[in-house]
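One structure is given here, and the rest of the page talks about it.
Throughout, read-outs are computed from the coordinates displayed, never taken from laboratory work. All of these numbers come straight from a predicted model, not from anything done at the bench. Glycine gets a Cβ as well: all are built from the backbone with ideal geometry, and neighbour counts include every protein chain shown.
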Amino acid sequence: MTATFSPASARPRWVTLAALGGIGWNIFGLAQFAASVTATESSLIASGLTPEQAAVMTGYPGWMTAVFFLGVAGGLFGSLLLALRSGLARPVLLASLLAYVALWIGDAIHGVFAAMGAPQVIILTLVVAIAAGLFFAATRHSARA
């Protein structure tokens, strides 16, 4: 499969802004991912979580860590592809979106939402919405691969 690129004039300015915003957002997401995989119960308690919350946050099943990484890495790579007007942005951003949906479901099933409360639900719902928005931008305004 080869990437194809469309001329700069073929899409609205907001798509470029969305791609650049997606790059920044997902760099922040990579920092959050790194913090989550290096956190310990004691470091989380020191940052203000209860012992129960810290246990939940450090007790993710491996698949949840994997989909978190796929979501954020796919979001960053897909946003870069979107900025470059590559048709490959669509499948990469779709994979990112699906990974974040899986993470949302995992948080619901494994008690993360129950332990962390409404802020966690809101944050992860926002993450899924942003991933959906980036996928929408790629679907509407990137070159066909």
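The table that follows gives values for the structure above.
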{"quantity": "Rounded tilt (10° steps) of 89-109 against the dominant C-alpha axis of the chain", "calculated": "20"}
{"quantity": "Expected 222 nm ellipticity per residue - DSSP helices of 4 or more, -39500 (n - 2.57), all of the chain, to 500", "calculated": "-25500 deg cm²/dmol"}
{"quantity": "Stretchable slack from Thr58 to Val121, in nm (0.36 nm times residue separation minus alpha-carbon distance)", "calculated": "20.9 nm"}
{"quantity": "Nearest 10 degrees, 0 to 90: helix 118-141 Cα axis against the chain principal axis", "calculated": "10"}
{"quantity": "Gaussian network model of the chain, springs between alpha carbon atoms under 10 Å - residue of Thr58, Thr50, Thr38 with greatest fluctuation", "calculated": "Thr38"}
{"quantity": "Descending principal axes extents, the chain, alpha-carbon based, whole Å", "calculated": "54, 24, 23"}
{"quantity": "Acute angle (nearest 10 degrees) that the helix 62-83 long axis makes with the longest principal axis of the chain, alpha-carbon atoms", "calculated": "30"}
{"quantity": "Furthest towards positive pole of dipole, Met57, Gly111, Ala129, structure part the chain, Cβ charges", "calculated": "Ala129"}
{"quantity": "Pairs of alpha carbons in segment 77-145 whose separation is greater than 13 Å (percent)", "calculated": "62"}
